[in-house]
1. Could you please give the count of residues in segment 116-174 that are modelled with pLDDT under 90, of a type in the set (Lys, Arg) and farther than 25 Å from Gln441 by Cβ?
2. Just one of the numbered conditions (1) basic (Lys, Arg); (2) in contact with a Gly (Cβ under 8 Å, 6 or more places away or on another chain); (3) at pLDDT 95 or above is not true of Lys510; which one?
3. For segment 519-530, name all the residues that are more than 19 Å from Val269 (Cβ to Cβ) and either among the polar types (S, T, N, Q) or part of a helix (DSSP H, G or I) (or both).
4. Take the residues in segment 450-461 that are out of contact with any Ser or Thr (no Cβ under 7 Å at 6 or more places or on another chain) and not in a helix (DSSP H, G or I); name whichever of them is least open to solvent (accessible area, probe 1.4 Å).
5. Looking for whichever is under 25 Å from the mean Cα position of the chain (by Cα) and either of a type in the set (Val, Ile, Thr) or farther than 25 Å from Pro240 by Cα (or both) here; the options are Val496, Val457. Which one fits?
6. Starting from segment 224-243, keep only residues that are within 14 Å of His471 (Cα to Cα) and among the β-branched types (Val, Ile, Thr), then list their pairs with residues that are open to solvent by less than 10 Å² (accessible area, probe 1.4 Å) and outside any helix (DSSP H, G or I) whose Cβ atoms are within a distance under 7 Å, requiring at least 6 positions of separation or different chains.
7. For segment 249-260, what are the residues that are open to solvent by less than 50 Å² (accessible area, probe 1.4 Å) and in contact with a helix residue (DSSP H, G or I) (Cβ under 7 Å, 6 or more places away or on another chain)?
8. Read through the list (1) at pLDDT 85 or above; (2) crowded, with 18+ Cβ neighbours inside 10 Å, then give the number of the only condition that Gln40 fails.
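The values are calculated or read from the model by the stated rules, or taken from the named source; none is laboratory data. In this text the structure is predicted, and so the values were computed from the model without any measurement. For neighbour counting, all protein chains shown are included, and Cβ atoms are generated from backbone atoms with ideal geometry for every residue, glycine included. The area values use the complete protein model at the heavy-atom level, side chains included, leaving out ligands, DNA and RNA. Shrake-Rupley method; radii C 1.70, N 1.55, O 1.52, S 1.80 Å.
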Amino acid sequence: PAELKLRNITTMDVRGAATWEALASRDASSRDAAMASLHQEVMRRVESVGPMPETPSGPSATTAPGVADDLSDILARVLMLSKRCPYDDVREKCVWLLRSIQDIGVRIPRPLGNGPSKFIPEKEILKVSKVDSRTIFEEAFSLGRLDNISLVMGFHPQYLESFLRTQHYLLQMDGPLSLHYRHYIGIMAAARHQCSYLVNLHVNDFLQVGGDPKWLNGLEGAPQKLRSLGELNKILAHRPWLLTKAHMESLLKAEEHSWSLAELIHAVVLLTHYHSMASFTFGCGISPDIHAEGGHTFRPPSLSSYCVCDIANGNGAVDELLADQQVLEVSGEVEVLMERMKQLQECRDEEEASQEEMATRFEREKSESMLVTTAEYEECVPSRDVSRHFEDPSYGYQDFSRRGEHVPTFRVQDYSWEDHGFSLVNRLYPDVGQLLDEKFQIAYNLTYNTMATHQGVDTSMLRRAIWNYIHCMFGIRYDDYDYGEINELLDRNFKVYIKTMVCSPEKITKRMYESFWRQFQHSEKVHVNLLLMEARMQAELLYALRAITRYMT
């Protein structure tokens, strides 16, 4: 399958890569010329294949192997452009191209599912994409990708811009690691959480930058240098508090398989980026991209199971009725939360707890966070496609206190991102510390001063409680924070969602997403997921960078 996939990619893209790139150009005449070239290429292939076979997964009997598959891949991409391209002219011409080949008897693909997210109605996401994030989507598209993750992040354009800039730098700009190593590390990291969406994305990228297909047969097919990263990947994803300088030394002093310090920093940033991206992907219910496997089908729709108006609208009216009913049941939730924030602020102004009391409250919250169980669903068994990219699949998140295990509290006053981690990353991988810092700051400080339908609300107390609760679950303590605020502001449903998304994101379900903050808007829930993603990434980074610093000193 890997070799076949490589052939499918190269057949069209060696000749047509420039065509796809030109379709993302800001210059209308370049897009026109590219569209004409694409039209010619598609018609040439249609003529060589003839009518699409009844089982579109395989080539027709009269064509050379791979030709019909190539056409299917191209048509899937044309379908994606017809739905997702930020340029009206390209979208319209792709719709026309699909219709014209359908008219001559070729079966065309149609999207599966209801948009970029299984949790958020498509019309809400596309409404945002048409207005606030249009220019950023054009920028993302020109960089070669406008995926479903970006579309959902489009609720928050300022953050999306920073995220895309950082990710582009990590994957495509000059850096210590070669391009295929970067994508392979992305595959390894995403696979730890069984995130097939991200694994598939980077399998394709890995092949497109010339990666060896044999590496995709399993971790044992990759070079020893990458295989040795498996232990760091495993601990960082599930129990980062166990990292020591010995783990770093084993990578930095491995004779001919050694990592340089700069390479290791690049690898650590990629691992933490994709672990946290897996959290966001599951937390927002991200669907496969239209042109990817699982995002489209060549089978005609079965009308018996659909109302035609539902197909046209892309959303079931039943879901909306149920959602309205839920909102009625929890009216007042927002007002209660706002009143608690007000009372906490008044208490803060009146008296400040002693250092001893603050430390006690942290230890209590840390202990209680251990008792919050992640989603109690059947264990997910990773598919062979995903599990081949990592070892020890049974290794997962464990609470600090299990089996009497004691992990010392990580005091931010002793090692912080601002004072220590930032400068270490910037020194060994220039500019990346700055990019990450901007992304952390935007996620943490992002506010529209709203809560559901209320305007002019200071949400800083709530944002800090969410961020610090995640760090508390990782044993990280801020001396100046009163951890008693967390129990006042985060209810049990919300804590279960946070812990599941950060520690075992593959267990997240739509019901869990809907069970917290039921009166809040989807954009506010996506904002929560950005906070969770960035807080998790920074927590992992702190443990890894501290271990590297200890090795260096």
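1. Selection size over segment 116-174: 3.
2. Exception for Lys510: condition (3).
3. Those that are more than 19 Å from Val269 (Cβ to Cβ) and either among the polar types (S, T, N, Q) or part of a helix (DSSP H, G or I) (or both): Gln519, Gln521, His522, Ser523, Glu524, Lys525, Val526, His527, Val528, Asn529.
4. So, considering only residues that are out of contact with any Ser or Thr (no Cβ under 7 Å at 6 or more places or on another chain) and not in a helix (DSSP H, G or I), the one least open to solvent (accessible area, probe 1.4 Å) is Ala452.
5. Just a single option satisfies the conditions, and that option is Val496.
6. Filtered contacts from segment 224-243: no entries.
7. Leu251, Leu252, Ser258, Trp259, listed by residue number.
8. Checking Gln40 against (1) at pLDDT 85 or above; (2) crowded, with 18+ Cβ neighbours inside 10 Å, the one that fails is (2).
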